[in-house]
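The values are calculated or read from the model by the stated rules, or taken from the named source; none is laboratory data. Not measured: the values here are computed from a predicted model. Because the Cβ atoms are built from the backbone with ideal geometry, glycine has one as well, and the counts that use them run over all protein chains shown. For accessibility, only protein heavy atoms count, side chains too; no ligands or nucleic acids. Shrake-Rupley method; radii C 1.70, N 1.55, O 1.52, S 1.80 Å.
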Amino acid sequence: MSIAVYIHSAAVLNAAGSECADLLGTPPSSQPLAFDATRRAYPLPTPRLASDLFDRKIQRSVEPQGLRLLHCVARLAPALAALNLPPARIALTAAIPEVDAPSPCWDAVQAIGEQPQKPLAQLLANTPPLHALTLLNSSVMAYVAEALQCHGPMGGFCSQDNAGLDALIEACQQIVEQRADAALVVSSSPNLTPALYLRDPHQASEAMYGEGAAALLLGLVPAPDTPITLRIAGFARGYSADPQRGAAVGRGVIDRALSVEKLRLGDVGQIVANPEDAQLMSLIADHPRDVRSARAMTGDLGASALLTEIALALHHTHTASATPGYTLLVSHSRAGHWGALLLASETMEEHT
Amino acid sequence: MSATRIVITGMGAVTGFGFEWQTLWEKMLGAEHCVRLWQPDGVEDGTFPVRYAAAVDMSLLPEALQDHPAWTFALEKRSRFGWVAATQAVNDSGLAPEQLRDAAVLCASGAPQHMLADMLLTQAPDGRAPGWQHLMPRAGEVNADGSLRQGNDRLARVIADGLGCEGPVINISSACAGASQAIGNAFQMIRRGEVSVAIAGGADSVLNLDTMAALYLLGAASSEQRWGVDLCRPFDRDRSGLIAGEGGGFVVLESLEHALARGATPYAEVLGFGSSLDAYKVTAPQPEGRGAALAMQAALDDAGLRAQQIDLINAHGTSTPLNDVAETLAIKSVFAEHKHYRSLAVSANKSQFGHLIAAAGAPECMVTALACLNDLVTPTVNLHELDEQCDLDYCAGQAVSRRVDFALSNSFGFGGLNTSLALGKYREHTQ
């Protein structure tokens, strides 16, 4: 890329904790789902938002997945403010699943149950006027933009699987193409609801979902006083739901991400990938090395999984044992999306 | 920016006017609209407060589309419309299946289609508070074509699977700016060289009890009765809120090189894309149109156009009291030099086929492209008495024949998510 884009700061929230270092601790125990004790997952208590940044009403009117995201974003506010940028030069991209909560709120559902002969009257009488806001992920983007004063380019992405990569790429390109000087990339996993398990029952039977959120601040400069920086060096994405074509598409995606820096897979120091994805692992089997994943600490975080892994990669650059080199993050969704992201860890001397 | 030129070579639209873009265009030039009396399924006594909408009329389905798998797959209604529109766009482009293998699919989908019947499955049998735990034992009763069974990105994947596309498959959610973002992002992906072909657009339907009730309670949907089916009145002093439509729209975008190599004839050229955030209030646009102006200026800058070169603005024009004034002010600020705003044609489409919400930007982009192609501007219908703060040339009442070399198509989403696409008349050589 003609212009270097750095991972400046990161914030996470998941079952392991709210600090990136927590992802290196002891794996938490999964818990039975509140609505189905036969399944286990990594749920989170709903966080409280800082009232100095967000209107108090938001705590009541936003779904837990949005609150998790806002909780992360709040912790990036000081770093963003320190960049001292005009609001129009700050981009915001988001990977947020749509809310699976009931469209009529629970009060309305209960009221209709009590008077089923008058469903319309009960629906209208028992749904708060602003309830629609809880269902729209654009509302969450609006709260972020308002609180952190982002007036610049935006992009909203929504899927359980690949939206995190799409949001990251869009944010990065806004900086590369000089429409923004910094970008917030925000993401959230969906709430744990039956929808996760009903949409694809076969695949969901093996899934261990988690609740979480992650947010990144991208910039033209790395955070100050960081001896090793993390730069976005390449990315690629593709798709195939055809099992016969999946490996070829995945291989092509990895090759394209590496080609930006003229690398081969053997040049990469570390790979981040789901070790339980047999097709993905077959693509890197010829290059045995440490394959890591935070998934065992968090469960499958869906749209916020990639950003959580990036946050962990950034944390590694802050440790005493950090060394320069490349990290390749490869994702493969159940639906068939492939993504590859190449990160370069560099000493400050390498780019000054 | 690179010298890669990007053109529109295929279009497909499903709206209340029918299932082909040609019908949409013809009806719009004739100043018709397709807003009709409407009530949600299950409300038989006409008591739902929102009485009008621009619903898709299935009796208009042409024979050639009656066997489309969209009508038999388990899909949300919006996805059926979107899949058909995407198929129409690809057929219109003349692209062969092998030319689609590396194509990207970018699709804006609206809010999930929650079903009241599904939600009532959460009721406790003994009168206790409802909850998901009561639904799971009755999971077999959950509707196959509602949001509990259909992920938000289902349409994007269905399109890609059906066409064999192996490029990026991206689901976009930015409220009413969604389809415009999809087209803008597709344009950028081709310009960057990530792909050569993209199918981009969106689909949405809010015409169900749950979503329309939520929009009504929010105060966004009009329940005005005075004007009958003519109640959608962008920029009119008597406008009262949005009138929902439903449907889908997709365009095929290609690099010009790719299009010419296979002998395609472009409809129009996509020149730029801009987006912005109001960062104001979740329920209202910034009153001076600051965010809208930023998006339009960003689209102009991206296209390398001066404001004075723009001939037409396809306005977001929702017929809501707040949007139409803010958009007018935004246009006046961007086109202030030499008061160019007085020379602009401004046209709003939502009084003709309703507000397609997440999909709105797609048919509106097509109408803008056709304006560039044909030098014809569709009218803003039902505009009779201008709001005193809306003082531009909105092409009220009837289509206008005028040269359109360059145009903007605006889409502004709920929560202050703004987009603007810059389009131009296709010429063999750039000026």
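Details
- Cα centroids of segment B:156-220 and segment B:22-52: 23 Å apart.
- A helix-only calculation puts chain A at -10000 deg cm²/dmol for mean residue ellipticity at 222 nm, using -39500 (n - 2.57) for each DSSP H run of at least four residues, averaged over all residues.
- Tensor-based shape of segment A:1-111 (alpha-carbon gyration tensor, a/c under 1.5 rounded, otherwise prolate or oblate): oblate
- Mean Kyte hydropathy of -1.0 or more with a Cα span along the axis of at least 18 Å, helices from DSSP in chain B: B:77-93, B:178-192, B:290-303, B:321-334, B:361-374
- In the context of the full set of protein chains, chain B has a per residue accessible area of 32 Å² (1.4 Å probe).
- Cross-link pairs beyond the 29 Å C-alpha cut-off, checked among B:Lys77/B:Lys332; B:Lys281/B:Lys350; A:Lys57/B:Lys332; A:Lys118/B:Lys77; A:Lys118/B:Lys350; A:Lys57/B:Lys350: B:Lys77/B:Lys332; A:Lys57/B:Lys332; A:Lys118/B:Lys350; A:Lys57/B:Lys350
- Rg to Rh, two decimals, where chain A supplies the alpha carbon set and Rh follows Kirkwood: 0.98
- Accessible-area value, A:Asp286, 1.4 Å probe, nucleic acids and ligands omitted, Å²: 130
- Here the label points at A:Arg289 and B:Gln133, each 7 Å from Cα along the C-beta direction, are separated by 4.8 nm in the simple model.
- Local electrostatic count, A:Val272, Cβ distance below 13 Å [Lys/Arg +1, Asp/Glu -1]: 0
- Stretchable slack from B:Glu44 to B:Asp375, in nm (0.36 nm times residue separation minus alpha-carbon distance): 114.7 nm
- Carbon plus sulfur fraction of accessible area for the protein assembly as shown, probe 1.4 Å, in percent: 50
- For segment A:228-351, the solvent-accessible area works out to 39 Å² per residue, with a probe of 1.4 Å and every protein chain left in place.
- Both the radius of gyration and Dmax for segment A:228-351 are 14.1, 46 Å, in that order, over alpha-carbon atoms.
- Using the Cβ-Cβ distance between A:Ala121 and A:Ala296 with R0 set to 51 Å, the FRET efficiency works out to roughly 0.55.
- The mean sequence separation of alpha-carbon pairs under 8 Å and at least six residues apart, normalised by the residue count of segment A:228-351, gives a relative contact order of 42 percent.
- Choice from A:Gln65, A:Gln31, A:Gln149 with maximal GNM fluctuation in chain A (Cα, 10 Å cutoff): A:Gln31
- Efficiency of FRET from Cβ geometry, A:Thr347 and B:Arg342, R₀ 60 Å, rounded to 0.05: 0.55
- Axial C-alpha extent at least 20 Å, average Kyte-Doolittle at least 0.0 - helices from chain A (DSSP): A:64-83
- B versus A: buried accessible surface, summed, Å² (probe 1.4 Å, to nearest 100): 5900
- Kirkwood Rh in Å, taken over all unlike Cα pairs in segment B:50-174: 16.8
- Counting, for every residue in A:196-202, the Cβ atoms of other protein chains within 10 Å of its Cβ and taking the mean gives 4.
- Across segment A:6-219, Cα pairs under 8 Å and at least six residues apart give a relative contact order of 33 percent.
- Working ranking of peptides B:304-313, B:85-94, A:116-125 by packing, defined as the average number of other Cβ atoms within 10 Å per residue, highest first, is B:85-94, B:304-313, A:116-125.
- Across B:Arg80, A:Arg245, the residue with the most accessible area heads the list, and the full order at a 1.4 Å probe is A:Arg245, B:Arg80.
- For peptide A:142-153, the mean count of partner chain Cβ atoms within 10 Å of a residue's Cβ comes to 6.
- Around B:Val400: net Lys/Arg minus Asp/Glu count, Cβ-Cβ under 13 Å: -1
- Contour excess over end-to-end distance, with Cα ends at A:Glu114 and A:Met281 and 0.36 nm allotted per residue: 54.8 nm
- For chain B, diffusion coefficient by Stokes-Einstein and Kirkwood Rh (Cα), 4 °C, 1.567 mPa s, µm²/s: 60
- Segment B:238-326 - percent relative contact order, Cα under 8 Å, separation 6 or more: 38
- log10 of Debye I(q)/I(0), alpha-carbon scatterers only, for the protein assembly as shown at 0.10, 0.11 Å⁻¹: -0.97, -1.19
- Mean residue ellipticity (222 nm) of chain B, computed from DSSP H runs ≥ 4 via -39,500 (n - 2.57), nearest 500: -8500 deg cm²/dmol
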